[in-house]
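Note sheet for the following structure.
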Amino acid sequence: MTKTVYFLRHAKAENGLDKSDFERSLNDEGVAQAKELGGLMRDKGYEPAQFIVSPAKRTMDTFTNLGFDAKPDTNEKLYNGAGSDYLDAIQNADDGKDSVCVIGHNPSISDITRMLIVSGDDEMVFKVISGFKKGMFVAGQFEADHWKDIQVKSGTITDLILTD
């Protein structure tokens, strides 16, 4: 069976000089970026069955502006967590669903993508290795019957979307 993970870094956010990092919202460019990305995802047939989202304002704003009719599962560990926390969130996804979209922050979203993806289009792999830009979307496929079976270096990158 194939499981698909969509890795997404939040869209562009305000500088937040007058509020905490956790409370930073998307700026106007970020709202437009997330809306465009949601349209591109739907155009390509990407309809994640589950969304696992950091509870920070900018990640929740990104989720909302993607425009999917879904309820996100927030995971506190995705806010300041390490790549291993992201792996734990993926491995604990709903086994009844074959795709999950993880919306998080750098450096952890970049770390987990690099940890899990081992093959695919060389140019896409290079872009992932080079760093996860704001609003960057990566699709990865894994041969696994259960989410808990997904291991380091077991995935193939199948698509990458940059809205810039």
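The numbers here are math on the coordinates, done by the rules we state, and not lab data. For clarity, every value in this text was computed on a predicted model and none was experimentally measured. Here Cβ is always computed from backbone atoms with ideal geometry, including for glycine, and neighbour counts include all displayed protein chains.
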Next item on the list: Only residues that are free of Cβ contacts under 8 Å to residues at least 40 places away in the same chain and not in a loop (DSSP other than H, G, I, E, B): list them for segment 25-34, please.
Entry: Leu26, Asp28, Glu29, Val31, Ala32
Notebook entry, point to check: Given the conditions (1) out of contact with any strand residue (DSSP E or B) (no Cβ under 6 Å at 6 or more places or on another chain); (2) in a helix (DSSP H, G or I); (3) in contact (Cβ under 8 Å) with a residue 60 or more places away in the chain, which single one is not true for Phe22?
Noted result: (3)
Notebook entry, point to check: From the set of residues in segment 35-57 that are out of contact with any Gly (no Cβ under 7 Å at 6 or more places or on another chain) and in a helix (DSSP H, G or I), which is farthest from Gly83 (Cα to Cα)?
Noted result: Asp43
Margin query: Exactly one of these conditions fails for Asn80: (1) surrounded by 14 or more Cβ atoms within 10 Å (Cβ to Cβ); (2) under 22 Å from Ser20 (Cα atoms). Give me its number.
Written below: (1)
Margin query: Quick check on my filter: what residues within segment 27-78 are within 24 Å of Lys3 (Cβ to Cβ) and among the hydroxyl-bearing types (Ser, Thr, Tyr)?
Written below: Tyr46, Ser54, Thr59, Thr62, Thr74
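For the condition part of a loop (DSSP other than H, G, I, E, B) and crowded, with 21+ Cβ neighbours inside 10 Å, what is the one hit in Ala70, Ala93, Ala89? Write out each step before concluding.
Details: Ala70 fails: crowded, with 21+ Cβ neighbours inside 10 Å; Ala89 fails: part of a loop (DSSP other than H, G, I, E, B).
Selected residue: Ala93, the only one of Ala70, Ala93, Ala89 that is part of a loop (DSSP other than H, G, I, E, B) and crowded, with 21+ Cβ neighbours inside 10 Å.
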Check: Just for segment 115-159: of the residues that are surrounded by fewer than 19 Cβ atoms within 10 Å (Cβ to Cβ), under 25 Å from Ala13 (Cβ atoms) and among the basic types (Lys, Arg), which one is farthest from the chain's Cα centre (by Cα)?
Finding: Lys127
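For segment 21-38, enumerate the residues that are under 23 Å from Asp111 (Cβ atoms) and either surrounded by fewer than 20 Cβ atoms within 10 Å (Cβ to Cβ) or not charged (D, E, K, R) (or both).
Asp21, Phe22, Leu26, Gly30, Gln33, Ala34, Leu37
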Margin query: Report every pair of residues separated by at least 6 positions or lying on different chains whose Cβ atoms are under 7 Å apart, first residue within segment 65-79 and farther than 20 Å from Ile112 by Cα, second assigned to a helix (DSSP H, G or I) and charged (D, E, K, R).
Written below: Asn65/Lys35; Gly67/Lys35
Check: Which of the residues that make up segment 47-63 are farther than 11 Å from Lys12 by Cβ and either surrounded by fewer than 19 Cβ atoms within 10 Å (Cβ to Cβ) or not aromatic (Phe, Trp, Tyr) (or both)?
Finding: Glu47, Pro48, Ala49, Gln50, Ile52, Val53, Ser54, Pro55, Ala56, Lys57, Thr59, Met60
